[in-house]
C-alpha cells in the first residue's frame, strides 16, 4: 500500500526543476536520453534558449526563509540568474563567429577549479 506523504510533490517538483536547470547548463551528450533533453550541447535548435527565460523567472520567484522566518536571497540565487541571462549572450556571440554548438560542460567552474587544483 502506498501512502501519500504530505508536501512530497512540492519537493519532487523542486528537485525535478533543479535537475533540468542543472542539465541545461552542464549538457555534454550529443544524443541525450529523450527524458533528459537539456543534457546536450547548446545549439541554435536545442531547447536551451527558450528555456533560460523560464528558468530565470522561476529562480527569481524562489523565496528562502532564515530561522527567524525572514525572507532572504542567498548569493547563489543571483549567480544562477546571472548565468541564465549570460549564456544566451555568449551563445549569440559565438554563433556569429561560426560556432555550431557550445558544450556547456566545458565552460563551467569545474574546469577552472580543476586547473587550479581546488
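Every number here is computed from the coordinates shown, using simple stated rules; none is lab data. Owing to the predicted nature of the structure, the values given are computational and were not obtained by experimental measurement. Note that each Cβ is placed from the backbone with ideal geometry, even for glycine, and that neighbours are counted across all protein chains shown.
A few comments on the model shown:
- Taking the fewest neighbouring Cβ atoms within 10 Å as the starting point, the ordered list for 73, 39 is 73, 39.
- Segment residue 69-residue 10, length gained on full extension (0.36 nm per residue, minus Cα span): 19.3 nm
- Prolate/oblate/rounded call for the chain, Cα gyration tensor, a/c under 1.5 rounded: prolate
- Each of 51, 28 has some number of other Cβ atoms within 10 Å of its Cβ, and from fewest to most they run 28, 51.
- Seen against the Cα atoms of the chain and their longest principal axis, helix 48-61 is set at about 30 degrees.
- Considering only alpha-carbon pairs that sit under 8 angstrom and 6 or more positions apart, the relative contact order computed for the chain is 27 percent.
- Ranked 18, 59, criterion: other C-beta atoms within 10 Å, fewest first: 18, 59
- C-alpha long axis of helix 75-96 to longest principal axis of the chain, angle in °: 20
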